[in-house]
Structure formats: structure tokens, C-alpha cells
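Every number in this text was worked out from the coordinates using simple rules, so none of it is lab data. These numbers come from a predicted model, not from an experiment. For neighbour counting, all protein chains shown are included, and Cβ atoms are generated from backbone atoms with ideal geometry for every residue, glycine included.
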Protein chains: 4
Amino acid sequence: MARRAVAELLGTGFLLAAVVGSGIMAERLAGGNVALALLANTIATGAALVALLLAFGPISGAHLNPVVSLGLALDRELPWSELPLYLAAQLAGAFAGVAVAHLMFGNPPFFASVRARSGPAQMLAEFVATFGLVTVVWSCAKWRAAATPYAVGAYITAAYWFTSSTSFANPAVTLARAASNTFAGIRSADVPGFVVAQFAGGLAAALLCRWLCNVPAAGAAQREG
Amino acid sequence: MARRAVAELLGTGFLLAAVVGSGIMAERLAGGNVALALLANTIATGAALVALLLAFGPISGAHLNPVVSLGLALDRELPWSELPLYLAAQLAGAFAGVAVAHLMFGNPPFFASVRARSGPAQMLAEFVATFGLVTVVWSCAKWRAAATPYAVGAYITAAYWFTSSTSFANPAVTLARAASNTFAGIRSADVPGFVVAQFAGGLAAALLCRWLCNVPAAGAAQREG
Amino acid sequence: MARRAVAELLGTGFLLAAVVGSGIMAERLAGGNVALALLANTIATGAALVALLLAFGPISGAHLNPVVSLGLALDRELPWSELPLYLAAQLAGAFAGVAVAHLMFGNPPFFASVRARSGPAQMLAEFVATFGLVTVVWSCAKWRAAATPYAVGAYITAAYWFTSSTSFANPAVTLARAASNTFAGIRSADVPGFVVAQFAGGLAAALLCRWLCNVPAAGAAQREG
Amino acid sequence: MARRAVAELLGTGFLLAAVVGSGIMAERLAGGNVALALLANTIATGAALVALLLAFGPISGAHLNPVVSLGLALDRELPWSELPLYLAAQLAGAFAGVAVAHLMFGNPPFFASVRARSGPAQMLAEFVATFGLVTVVWSCAKWRAAATPYAVGAYITAAYWFTSSTSFANPAVTLARAASNTFAGIRSADVPGFVVAQFAGGLAAALLCRWLCNVPAAGAAQREG
């Protein structure tokens, strides 16, 4: 139990360090080319997810995301009694990861972001991003657990680019990024909208997947192309 | 059956959202550097394919492409009676995905593309791109079903660059991209040529693969280098 | 037997189409930034190798390279009687792939390269590149056949950048690229030096690996970190 | 035993050749854009690690890193009696790899770096980078040995960007890069600080992982998301 909490804390911490730290490095080096900075930020984040999910998956499941933990609790894959510990570990890890990233680059541990991310288009984007993430996690967890790290890493790599919000898709990540006035930051006033959209997207996906994934995989696997 | 249709619809929808959405984001941020924009578009599309094929493969086979569904029907991997449903779901999903991508970036749901993509060189490119895609899918489906998502994602990543058409290789994708006047768009007048070349390439590959893949894999696997 | 030859021909053809085609596309779009062009060329080539080795590996072993075929013949993994057919198919496929790439981009099928690639530093680079490639193929073929496509794709992705020659490492590829006056071309006068260095590197690796890989994998696998 | 030493020597040699060689190539081609140069350097290094760990893992475990060898000795995965040989082979391989990279690009075999990399932020970065690396290696070695090459390659890909030091995380690499006055170099005066931080991070991770990974993987794997 304590091990699972530490794994969630460490995993979410390294995830946030990767997101925020690579954003700082990318912005410093990119000479104003935002596409190049986002590309570096994307590759670092996707690769970090693959490594962290491979490393911490066998210990805690490596949710690293309150929406995923909640979804798996709804699916009875995670006991409800463990949910509060998972959420607390994820939040603590997220803020610790931001602080470590800042210190590695000579910044103060926390400084509030002034970067605006709002409006209905970005809210829709967070709904879509989280809907897709939970669908991918749910389906893989059911039929291809060993491939989940690659699926999640690949999904987030894509979602950084195909959503106008660059796909936060994670309330712990969103809250912690409000404490970082860097490339990856978000104004604290915009956090609630993002979080609401994320839980709505995750809930919609959970409802759908409960029906969608309720099939035997056998025959389907052979048909796979 | 309904589940399979929903999986094809969702999968093709997310695929189009990824192709069109990442194209919009990439063009906005790249400051006129088309190579950089296409690189971001490529990485997002390839990664999306890996995630979507891993997630939806066990449910519907994750064809996400009328040429693939037709090819697998010719190979008797997909019952002919299910083909119309697959095609309808793919088309509906493709247009829904384009609309969602547009809305996420504050555009109208559909607006006709004016981007010219024509001429014999691009027709040849679509023939080659689809020929290669169906060959990869067919061979992997026969011997390495678990690796199909990685093979298809890698193939399209390469084909975005080695074909002059950036490798649509998918009639549902082609039709839906005509409704997007963005980086990934195609003029509606150019759609028929692309679609004809795609079906021709897919048919040629299916005829070849029926002969080429008709061997026992056993000894071959050991010889593999 | 005919199937194996066709698989080698198709595989090498698509490999060359990927190398040459993506080079043309990258140079056209990169606006003079050679690093960006090479990055796109690299990603397309590495991804193509993963897809092609996954697809054609179960049929012919997917050598796609005379040095690899020769090395496997030395290791008795490929019967000597099949070697001439493999080499002929690879050469024919390589030139066909170059022609298809050129036609897809509106060029003549063949036009001699004037790009100089010579000197002892580049000869050493081809020796090292091919030595590494054969070592990776040999070791994976022995212990991790299923991972060979990923290992080879990753190796070439790296070798495009860490060798001064951009790592041709393949005599069929080298000969065919002499017929392409594009980003990926090589002056025909420089081909013999490259080919000699490649066979020397491959032979050195084969001699080493015969000794190096002559151990039981059992205990080693557990020690793996 | 000799085979294991040669495998460590070759593997570390190719790793250094990849790091230093791709840095030279990237800096030459990038036209002053450091973000683009680091992106190419990152992709080459991450891909090289995947290929090298797949190839040499079954022979020697492919540690390629004194901190990893020491950590596995502490975990009794590597006999203490073999540790000196591993360290010697890694150091010799690292310097050989630097020399080969330099010769491939027409430079002298060794020339001392003047690139400053110092200060508490970079020391913290090396501590964090090595802590994460050892944690990933340790957990994967215990539960997912076959996925270790992908996890390590992905981790270093991310860590190049999320640490201010670009994540050396390897004392043999650090020492050898002091002999390279190129993109990847480090001033010899800054080496001791890096090495101390690396051993400290590795030791902290080893202590943590001995407790963290002391659980049965069974139930956890099913919970994985």
C-alpha cells in the first residue's frame, strides 16, 4: 500500500518534471520557433510516459492521473478505498515534480503562471483529449496490458498536437502546471474549466467503454488488421 | 456488431481529428517552415495510429480504412455481410473527426479545401502508398497480429515523406479531408483520382499478397534477420 | 523460393523508395536547413525499416542488404545456394525503388548523382556503420528474433547521425543511390570505396559475432539491465 | 567472461560514438539552431540505446554504465567479483567510442573540451537524471526484462530535455566526453561534480528500489492501467 503510493508519487513527479523541464529547455533553445519547442516538449513527454509506465506499472498500475484512477475505480479495477491515497500521491507528486524541474533550471520552486488557456474551443479540446485517453487506457488495460505504456505514450504524443489545448488531460498535471510560469504553464483562473472538462471527458469515456469493451476479445483478435 | 461499428467510427474519427488537428496546430506554430509543420503532422499521425490500433484492434480489428476492410473481405478475414457497416462507420467517423478537429481550433465544422493535389505523379504516389499499406497490413495480420499497430504507424510515418502526395492511402480519409481548408486539405475535384488510385493500389496488393503470404511462417521465422 | 525473392525485391524497393523519396521531399520543404531535412529523412527511413522488416521478415527474413545476406550465409542461417537469388533480388529491387521514388516526384527514373562522398573519414564511417549493423542483426537474430525490426530501425536512425557518411551500410542501397541526383545520392566514382568498406565492416562483425554470440543466453537474460 | 567484457566495451563504445558523433553532425548541419541540434542528438542517442541494449543485453546485460553495474551488484544481480571487469570495459569502450567518432568526422582522436557545465542546478539535474535511470532499470530488470531496452531509450530521450545538464547520468560517458571539444563535451574541471552527483543519485535510487520493488508483481500487473 505504501509502496503503491510512493510509486504514484514518484511517477507523477517525474512526469511533471518531464513536462515542465523539457518545456523550459525547449523554449530556451528554440530561438522563438514555437513549433520546434513544442516538438521537443512532445517527444520528451511521450518518451517519459513510456519509461514511467513501464517502470511503475507493475507496482501501482502507474495511473499518474486522477481521472484514470477514478475511471478504474468505476470499473472496479481499483478498490474505492485506495482511491484517496492515489489522488493524494498524484497531487503531491505533481507539485514536487514541478518544483524539482524549476530547481534544475535555476528557477524558484513555484511561481504562478500568467499563460491564458481558455474559451470553449480549448474546453472541448480537453474533453476530447481526456475522452480519448481514458478510452485507450481502458481498452488496453482489458486486452493488452503489456502494450499500455506504448499506447499511452503514443496517444499523448499525438494529442499534444491535435488538440488546441496541447492536451493536459490530467487534473493533477493541470493544477501543478498553474504553479509554473513557463512554456507549460496555465493561468490559475483557467484551471477549473480544464479540470471540469477533463472529468466530463473521462466520465463519458468510462460510460462508453463499459459497454464497448464488454465483448470477448478472442475472435476479434484474429480479425485484427 | 454495434460495438464493432462504434469502434470503427470512434477510431476513424480520432484518426481524422489527429491528421487535421495536428496539421492546423503545426501550420499555426511553424512560422512558414513547411518541413517542420509536416514533421509534427507526421509524428502526431503515426503516434495516433499506434494508440488507436492498440485500443480498437481487439474490438473491430481497427481497419479505419475502406481499402483495408475491402482487402480483408477479399481475404475472407471480414464477412462480406459486415463490409457495408464498416464502410459506413468509417465514413461517418471520418467526417465527425474533421468537424471535431475544426471546432477544437475555433473553425466552422466543415469548409471546402482549395488545396490542389493532382497530376500523374501524385496518382502514382497514392497507388504506391496504398499498395504498401495493404501489403504491410496483410502480412502482419497473418503472422504478427500483435505488431500490426507498430507496423502501420511506422509505415504511415515513412509514407508521409516518401510519397509526393503525403500518403492519404485511405478513401474515407480523403473524402473527409476535402471538407477541411487547412494544412491537410484536398480540393474536392482531386478526390476521385486519389480514391481510384487507392483502390487500384489496394487491389494490386491483395492479389499479390494472396500468393506471397501463402507460405508456412515456421522456417521463415528462424531465418529472420 | 520465388516468394522469398519477391519479398526481398519488394522490401528493398520500398526501402530505397523511402530513402530517396523522403530525401527529395525533405530537401524541397526544408528551405535550406540541412539538419531539418536529414531529420525527416532519418525518421522516414527508420520507420520504413520497422514496417518492412515486420512485413517481409516472416517470408524471406527481410535481409534487404547483400552484406546481411552474406553474413547470414557465413553463419549458415541462409543456404549458400540461395545467396545469388537474394543478391539479385535486392539489386533489382533497389533500382526499381529509386525509379519509383523519382517518378512519384516527377523526376526521370534515373539520373546520375554528382554528390561527392569520399575520403578516409567517410570510409571509416561506412566500416563502422556496417560493423554495427551486422552485429545488431546477428545478435538479435540469435536471441530476440521478434525484436529485430525495432533494433534495426533504431540502429539506422542513430547511424544516420553518428557517422559522417550518414550510414549507407548496404551495397545494394549504395549502388542504387548513385542513380539518384538528389539529397540521398552518391557520385558513382565514390561507390566502390563505400562498398569495399561495407563488406570489410560486415566481415569483421561476422568474425567477431561468431565468437561473441557463442554463449547460452539463459543466465545472461536474467542479468539483463 | 571475456565475452561479457567485450560486449560491454563494444556497447559503451557505440554509445559514445552515437552521443559524440551525432552531436558533431547535428551542430554542423543545424546552422546555429541549438534546439534542432539537440533534437537530432536526442533521437540518435535514444535510438542507439534501444539497438545496443537489444543487441548486447543477452550477452553481458548491456549495463554500459558504472552506476548501473554498481547498482546491480548491490542488488546481487551482478557478482561483485565481475564488477571491476565491467567498469574497466566500460571506461575503455567509452574512450574508444569517442576516438572513433572523432576520426569518422576528421577530428583528432581526443581533444579536451572547454564547455562549462557546472553549478548546483546542473548537479541536482545529474542527481535526478541518474536516480530516475537506476529506478527505471531496476524496476524493469525485475518485472519486464524484455522491455528494458525500450524503457531506457525512452527515459534518456526524455531526460536529455527535462534536465538542465542534458542528462549524462553515466560516469564513463562523462569522463570520455571530457576528451571531446564538441557539442557533447564537458570541461574536465566539471567532471568530478557530475560523477559525484551521479553516484549519489544512483545510490539513492538503489536504496529506494530495494524497498519499492520488494512486492509480488502478480496482482499489480492486472491493475495496470
- Per-residue HN-Hα couplings for segment D:148-161, Karplus 6.51 cos²θ - 1.76 cosθ + 1.60 at θ = phi - 60°, whole Hz, x for Gly and Pro? 3, x, 5, 5, 5, x, 5, 4, 5, 3, 5, 5, 3, 9
- HN-Hα J in Hz across segment A:196-207 - Karplus 6.51, -1.76, 1.60, θ = phi - 60°, x for Gly and Pro: 4, 4, 5, 5, 5, x, x, 5, 4, 5, 5, 4
- Counting other Cβ atoms within 10 Å, keep those with at most 11, restrict to DSSP loop, and tell me which trypsin sites (Lys or Arg not before Pro) in segment A:68-123 are left. A:ARG76
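What size of dipole, in debye to the nearest 20, comes out for the protein assembly as shown about its Cα centre when the only charges are +1 on Lys and Arg C-beta atoms and -1 on Asp and Glu C-beta atoms? All intermediate terms of the calculation are to be shown ahead of the outcome.
Values: 48 positive and 32 negative charges, 16 e Å.
Dipole of the protein assembly as shown, to the nearest 20 debye: 80 debye.
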- log₁₀ of I(q)/I(0) at q = 0.08 Å⁻¹ - the protein assembly as shown, Debye sum with one point per alpha carbon: -0.65
- Note on the structure: For A:ALA145, inter-copy label-point distances (7 Å, Cα→Cβ), nm, shortest first, read 2.0, 2.0, 2.8
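Report Rg(Cα)/(2.2 N^0.38 Å) for segment A:2-215, keeping two decimals.
Working: Rg = 16.0 Å, N = 214, 2.2 N^0.38 = 16.9 Å.
Expressed relative to 2.2 N^0.38 Å, the Cα Rg reads 0.95.
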- Query: List the chymotrypsin sites (Phe, Trp or Tyr not before Pro) in segment A:1-95 that DSSP assigns to loop (not H, G, I, E or B) and whose Cβ has at most 11 other Cβ atoms within 10 Å. Which are they?
  - Reply: none
- Pseudo-label separations to other copies for C:ALA189 - Cα-to-Cβ vector, 7 Å, nm: 4.8, 4.8, 6.9
- Message: With a cut-off of 8 Å between alpha carbons and a minimum separation of six or more residues, what is the relative contact order of chain A in percent?
- Response: 27 percent
- Task: Work from the charge dipole of segment B:75-225 (Cβ charges, +1 for Lys and Arg, -1 for Asp and Glu, about the Cα centre) and give the residue of B:SER165, B:VAL137, B:GLN90 farthest towards its positive end.
- Result: B:SER165
- Task: Quantify how strongly other chains surround peptide A:75-83 by giving the mean number of their Cβ atoms within 10 Å of each of its Cβ atoms.
- Result: 1
- Query: Near the amide H of D:PHE111, under 5 Å away, which other amide H atoms are found, from residues 5 or more places off or on another chain, if H is placed in the peptide plane?
  - Reply: D:SER180, D:ASN181
- Task: Could you run the Karplus curve 6.51 cos²θ - 1.76 cosθ + 1.60 with θ = phi - 60° over segment D:103-120 and give me ³J(HN,Hα) per residue in whole Hz, x for Gly and Pro?
- Result: 5, 4, 10, x, 9, x, x, 9, 7, 4, 6, 10, 7, 6, 9, 8, x, x
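Where the only charges are on Cβ atoms (+1 Lys, Arg; -1 Asp, Glu), what is the dipole of segment A:1-156 about its Cα centre, to the nearest 20 debye? It would help to have the intermediate numbers written out before the result.
Details: 8 positive and 6 negative charges, 19 e Å.
The calculated dipole for segment A:1-156 is roughly 100 debye.
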- Evaluated at 25 °C with a viscosity of 0.890 mPa s, what Stokes-Einstein diffusion coefficient in µm²/s does segment D:33-96 have when Rh comes from the Kirkwood expression over alpha-carbon pairs? 186 µm²/s
- From the label point of B:ARG210, set 7 Å along Cα to the beta carbon, how far off in nm is each other copy's matching point, shortest first? 4.6, 4.6, 6.5
- Item | chain B - mean residue ellipticity at 222 nm from DSSP helices (-39,500 (n - 2.57) per run, n ≥ 4, rounded to 500) | -24000 deg cm²/dmol
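I need the peptides D:64-73, B:200-209 ranked by packing, meaning the mean over residues of other C-beta atoms within 10 angstrom, with the highest value on top.
Numbers: D:64-73: 26.2, B:200-209: 19.9.
So the order, starting with the most tightly packed, is D:64-73, B:200-209.
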